[in-house]
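Engineer: This is the structure I want to talk about, given as structure tokens.
We did not get these values from a lab; they are worked out from the coordinates using the rules stated. Everything numeric in this text was worked out from a predicted model, so none of it was measured. Note that each Cβ is placed from the backbone with ideal geometry, even for glycine, and that neighbours are counted across all protein chains shown.
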Amino acid sequence: MAGNKKIHSQDLVKLLEKWSQDFTVFAPSRENGEVLMREWDGKDTGFLEWYRNSTQPPKDAILPPLEKMFAFHKEKEGYRIELPPEQRRRLLFGIRPCDARALTIVDMPFKEGYEDPYYLARRQGTLLVGLSCTRPYDSCFCTSVGGGPSDASAVDVLLTDIGDGYLAEAATSAGGELLDGAGLADASPADEAKAVEAKKAALAGIGRKIDTEGLKDRLLSCFEDREFWEKTAAKCLSCGVCTFFCPTCYCFDINDEMVREEGARFRSWDSCAFSVYTQMPMENPRLEKWRRVRQKVCHKFEFYPMNFGVIGCVGCGRCIRLCPVNWDITRVLDSVPAAAQS
Amino acid sequence: MATDTAQRPAFPAGGNVYLPHIAVIEKVIDETPAVKTFHFNFKDEKLRQEFTFESGQFAEYSVFGVGEAPFCISSSPTRKDHLEFAMQRVGKVTTALHRLGVGAEIGFRGPYGNCFPLDVLQGKNLVFVGGGIGLAPLRSLIWNVVDNRDSYGKIDIVYGARTPADLCFQYDLDAWAKDGSIGMVTTIDREHPDWSGTVGLVPKVLEEVGPSPDNAVAIVCGPPIMIRFTFPALAKLGFTPEQMITTLEKRMKCGIGKCGRCNIGNLYVCRDGPVFSYAQIKDFISSEH
């Protein structure tokens, strides 16, 4: 792979315009006070002035909140099924390393066993141009769960702010081709040195830590500790904010809509915070709130490690920042009792 | 005993696992006032020839415009003329299904999930314990075993329902009662004017029947409350958790381990089940089922 490149700040718009010829480019954008990854407006890169991270994780570009799986038409000879058209390739510009890593975690269930064609088509058709996180939030704890503010393991290209522009490192061959085709200058040793400093400062900015040592076993051990879970769930409103804004949450519902002879099957995000999520006609295994909170915590920190060997959390801190009652996952994890000695 | 977790062919329509095949209803049987059995076949002749499944597997059935719901395939793979599924009218999709008649088209994806471990069951004495509509997955296996009778030991069936009118698959119960090689006990929960047979809850009647655990496996399916009380009853008779098999039901959407909701601990009922040994789920079942 060729060496690192430098993108001068004044060339960035031209670069995004160039990439827009081959991709639908997504970039941070402000809508009603929320920061969302949306189709780039083609105007400027002013978002870099205020962008820290998106309110809603960029997973919505890969797993949309609502998507049509197929349409069906009732005709004389019976039902006819029609797939939605294929989508243009996408480029997510400015995704943070934590959110890119989250996609590798969501990939696991969607790739395992029967492949999910909708998710994987979008995922494979999307390039990730990440931005090293130079201004993390107090609530960020990525380094405790296997990531870091300039972790390049899940992006195609990692950009790091070096003052007068960005150091661009290709992390995959697709990222290398993207940079090679962009006619960029090679980075100088001084640029490289500035990037190293910026990354060091970012790493030092992650102040929050959790202890994940033995966490899986501690959770397994207290699975039936109803008192602990009731206490943990006490102030939760079951609003689902922590799941909808979580970059690794992927649960979905499937529903039909039909008007006369035309209909479609849709999938939409769902949440383990809602009791209807597991509601069966005559019973509900998670009717009580503490069972749902337990499911949320254990899914990420116990079941994901058991099934896939990784923690299902990237430490982006959104669930902490956005919770209306200040429920704090890091405090919950710190309060899990020590595993019972067997 | 580990249940079988091999991934079986799911016959995805056009390579997309979420696209349903079109199936046509060929016969509707009223089992009880709230339970119906549907006989169906695929519209596509080629799929009709190629389709395979194992006892214990399930599928996602849909009424277009209303939605999808999971039910086991209740017929036996040894009987290939058509496929069957049965369900109680309880929600949106089942109510829409109950309105359908012969000739109606439904969506079908599957088969999904694992199956009863026939290789483990062969040569064993089998104790089937069922309640209500829970007989649907068991009857697929029972007919499978009956059609290969020489490969299995003694067969005992304990089946119960709340009232005589709630007994499903009466034609099967009659056939098994007449089969000299099967020990068949049918029970209802409480005394009833139309009933002169055994009375009592399934776990209690099972204890009275008292099948031996020697070289035996018990296969249990019914309402959660019945399943919960049947495991201790079997344990009292000397069955180990490895000798108890059940098939579970949860709210499901995708049927293939993606949508998230059907887990018991780290296991997904759709992906790792629906067939489990009690040994696999006993750590989680007290509070998750």
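Engineer: Percent relative contact order of region A:215-334, based on C-alpha pairs within less than 8 angstrom and at least six residues apart?
Structural biologist: It comes to 30 percent, rounded to a whole number.
Engineer: Additional query: Please work out whether chain A counts as rounded, prolate or oblate from its C-alpha gyration tensor, where a ≥ b ≥ c are the square roots of the eigenvalues and a/c under 1.5 means rounded, while otherwise a/b larger than b/c means prolate and anything else oblate? Each step should come with its number before you reach the end.
Structural biologist: Numbers: a/c = 2.12, a/b = 1.19, b/c = 1.79.
It comes out oblate by the Cα gyration axes.
Engineer: Considering the options A:Leu91, A:Ile162, A:Val129, tell which one lies farthest towards the positive end of the dipole of region A:66-173, charges being +1 on Lys and Arg and -1 on Asp and Glu at the Cβ, about the Cα centre.
Structural biologist: Value: A:Leu91.
Engineer: How large is the charge dipole for region A:172-218, taken about the Cα centre, if only the Cβ atoms of Lys, Arg (+1) and Asp, Glu (-1) carry charge, to the nearest 20 debye? Please report the intermediate quantities before stating the final value.
Structural biologist: Details: 7 positive and 9 negative charges, 90 e Å.
For this selection, approximately 440 debye.
Engineer: If you take the beta carbon distance between A:Ala190 and B:Glu50 as r and set R0 to 60 Å, what does 1/(1 + (r/R0)^6) give as a FRET efficiency, to the nearest 0.05?
Structural biologist: Working: r = 65 Å, r/R0 = 1.09.
With R0 = 60 Å, the Cβ-Cβ based efficiency is 0.35.
Engineer: With the crude spin-label approximation of a point 7 Å out along Cα→Cβ, what separation in nm comes out for A:Asn284 versus A:Leu322?
Structural biologist: Rounded to a tenth, the inter-label distance reads 2.3 nm.
Engineer: Could you give the size of the charge dipole of region A:5-204 about its Cα centre, using +1 on the Cβ of each K and R and -1 on the Cβ of each D and E, expressed in debye and rounded to the nearest 20?
Structural biologist: 280
Engineer: Still on this structure, I have one more. For region A:5-204, what mean projected area does the convex hull of the alpha carbons give, in nm²? Intermediate results must be reported in sequence, preceding the final value.
Structural biologist: Numbers: hull surface 55.8 nm².
For region A:5-204, averaging the hull's shadow over all directions gives 13.9 nm².
Engineer: Right, here's the next one. Measuring from label point to label point, each 7 Å out along Cα→Cβ, what is the B:Asp119 to B:Val90 span in nm?
Structural biologist: In this crude spin-label approximation the distance works out to 3.3 nm.
Engineer: Further, regarding this structure: Treating region B:108-236 as a set of equal point scatterers at the Cα positions, no solvent, please give the Debye-formula log₁₀ I(q)/I(0) at q = 0.09, 0.10, 0.16, 0.21 Å⁻¹.
Structural biologist: -0.24, -0.30, -0.78, -1.33
Engineer: OK, next. Go through A:Asn284, A:Leu333, A:Ile254 and say which Cα lies farthest out towards the positive end of the charge dipole of region A:215-334; charges sit on Cβ, +1 for Lys and Arg, -1 for Asp and Glu.
Structural biologist: A:Leu333
Engineer: Quick one, can you get me the convex hull of the C-alpha atoms of region B:116-180 expressed as volume per residue in Å³? Show your work: numbers first, answer last.
Structural biologist: Details: hull volume 5.1 nm³, N = 65.
Expressed per residue, the convex hull around the Cα atoms of region B:116-180 is 79 Å³.
Engineer: Residues of region B:134-165 with backbone nitrogen within less than 20 Å of a virtual label 7 Å along the Cα-to-Cβ line of B:Ser181, please, listed as ranges.
Structural biologist: B:138-158
Engineer: Quote the relative contact order of region A:60-204 in percent (integer), defining contacts as alpha-carbon pairs under 8 Å separated by 6+ residues.
Structural biologist: 21
Engineer: Could you give me the ³J(HN,Hα) list for region A:110-121, computed from phi with Karplus coefficients 6.51, -1.76, 1.60 and θ = phi - 60°, whole Hz, x at Gly and Pro?
Structural biologist: 6, 8, 5, x, 6, 6, 8, x, 5, 4, 5, 4
Engineer: Further, regarding this structure: So if R0 is 45 Å, what FRET efficiency would A:Lys68 and B:Thr163 give, r being the distance between their Cβ atoms, rounded to the nearest 0.05?
Structural biologist: Working: r = 45 Å, r/R0 = 1.00.
My answer for the efficiency is 0.50.
Engineer: Placing unit charges on C-beta atoms (Lys and Arg positive, Asp and Glu negative, everything else neutral), compute the dipole magnitude of chain B about its Cα centre in debye, rounded to 20. Display every interim value, and only then the final one.
Structural biologist: Numbers: 29 positive and 32 negative charges, 156 e Å.
Roughly 740 debye for chain B.
Engineer: So, one more: Quick query: amide H of B:Ile157 versus all other amide H atoms, modeled in the peptide plane; which residues come in under 5 Å with a sequence gap of 5 or more or a different chain?
Structural biologist: The answer is B:Phe128, B:Gly183, B:Met184, B:Val185.
Engineer: Step through the residues of region A:223-236 one at a time and calculate ³J(HN,Hα) from phi using the Karplus curve (6.51 cos²θ - 1.76 cosθ + 1.60, θ = phi - 60°), rounding each to whole Hz and writing x for Gly and Pro.
Structural biologist: Ordered by residue, 3J(HN,Hα) equals 4, 8, 7, 4, 4, 4, 6, 5, 5, 5, 8, 3, 8, 4 Hz.
Engineer: Let me know the whole percent of all Cα-Cα pairs from the protein assembly as shown that are separated by more than 41 Å. Display every interim value, and only then the final one.
Structural biologist: Details: 70613 of 198765 pairs.
When all Cα pairs of the protein assembly as shown are counted, 36 percent exceed 41 Å.
Engineer: Which far-off residues, 5 or more places away or on another chain, put their amide H under 5 Å from the one on B:Ser74, with H placed in the peptide plane?
Structural biologist: Correct list: B:Glu84, B:Phe85, B:Ala86.
Engineer: May I ask for log10 I(q)/I(0) of chain B at q = 0.14 Å⁻¹, from a Debye sum over the Cα atoms as equal point scatterers with solvent left out?
Structural biologist: The Debye formula, applied to the Cα set alone, gives -1.02.
Engineer: Of all alpha-carbon pairs in region B:180-289, indicate the percentage at a distance above 17 angstrom. Before the final figure, lay out the partial values.
Structural biologist: Values: 3548 of 5995 pairs.
Summing the P(r) of region B:180-289 above 17 Å gives 59 percent of all pairs.
Engineer: I want the antiparallel fraction of DSSP beta bridges within the protein assembly as shown, as a percent rounded to 5.
Structural biologist: On the way: 71 of 106 bridges.
Rounded to the nearest five, the antiparallel share is 65 percent.
Engineer: Can you work out the FRET efficiency for the pair A:Leu203 and A:Ser275, with r the C-beta to C-beta distance and R0 = 45 Å, to the nearest 0.05?
Structural biologist: Values: r = 41 Å, r/R0 = 0.91.
That pair, A:Leu203 with A:Ser275, gives E of 0.65.
Engineer: Run through the DSSP bridge list for chain A and note the antiparallel percent, rounded to the nearest 5. Can you show the working numbers first?
Structural biologist: Working: 37 of 48 bridges.
Taking every DSSP beta bridge with both residues in chain A, the antiparallel ones total about 75 percent.
Engineer: Could you tell me which of rounded, prolate or oblate describes region A:207-342, using a ≥ b ≥ c as the square roots of the eigenvalues of the alpha-carbon gyration tensor, with rounded for a/c under 1.5 and, failing that, prolate when a/b is larger than b/c and oblate otherwise?
Structural biologist: Numbers: a/c = 1.98, a/b = 1.73, b/c = 1.14.
Note, shape of region A:207-342 comes out prolate.
Engineer: Do the alpha carbons of any pairs in A:Lys68/A:Lys300; A:Lys59/B:Lys92; B:Lys80/B:Lys253; A:Lys235/B:Lys282; A:Lys235/B:Lys258; A:Lys111/B:Lys253 sit beyond 20 Å of each other, and which pairs?
Structural biologist: Working: A:Lys68/A:Lys300 28 Å; A:Lys59/B:Lys92 31 Å; B:Lys80/B:Lys253 27 Å; A:Lys235/B:Lys282 30 Å; A:Lys235/B:Lys258 29 Å; A:Lys111/B:Lys253 17 Å.
In this structure, A:Lys68/A:Lys300; A:Lys59/B:Lys92; B:Lys80/B:Lys253; A:Lys235/B:Lys282; A:Lys235/B:Lys258 lie more than 20 Å apart at Cα.
Engineer: B:Asp150 to B:Lys204: extension gain in nm, 0.36 nm per residue of separation minus the Cα-Cα distance?
Structural biologist: Details: separation 54, 0.36 × 54 = 19.44 nm, distance 3.01 nm.
Roughly 16.4 nm would be gained on extension.
Engineer: Then there's this: Which of A:Tyr118, A:Phe26, A:Thr172 sits farthest toward the positive end of the charge dipole of region A:5-204, with +1 on the Cβ of Lys and Arg and -1 on the Cβ of Asp and Glu?
Structural biologist: Of the candidates, A:Tyr118 comes out farthest on the positive side.
Engineer: Write out the trypsin sites (Lys or Arg not before Pro) in region A:203-241 meeting two conditions: DSSP loop, and at most 13 other Cβ atoms within 10 Å of their Cβ. Could the numbers behind the result be given before it?
Structural biologist: Values: sites: A:Arg208, A:Lys209, A:Lys216, A:Arg218, A:Arg226, A:Lys231, A:Lys235; in loops: A:Arg208, A:Lys209, A:Lys235.
For trypsin sites (Lys or Arg not before Pro) across region A:203-241 that sit outside H, G, I, E and B with at most 13 neighbouring Cβ atoms in 10 Å, the list reads A:Lys209, A:Lys235.
Engineer: Give me the distance in nm between label points sitting 7 Å out from Cα along the Cα-to-Cβ direction at A:Thr212 and A:Glu75, one decimal.
Structural biologist: 5.1
Engineer: Quick one, what does Rg over Rh come out to for region A:1-99 if you take C-alpha atoms and the Kirkwood Rh? Intermediate results must be reported in sequence, preceding the final value.
Structural biologist: Values: Rg = 18.2 Å, Rh = 16.2 Å.
Reported Rg/Rh (Cα atoms, Kirkwood Rh): 1.12.
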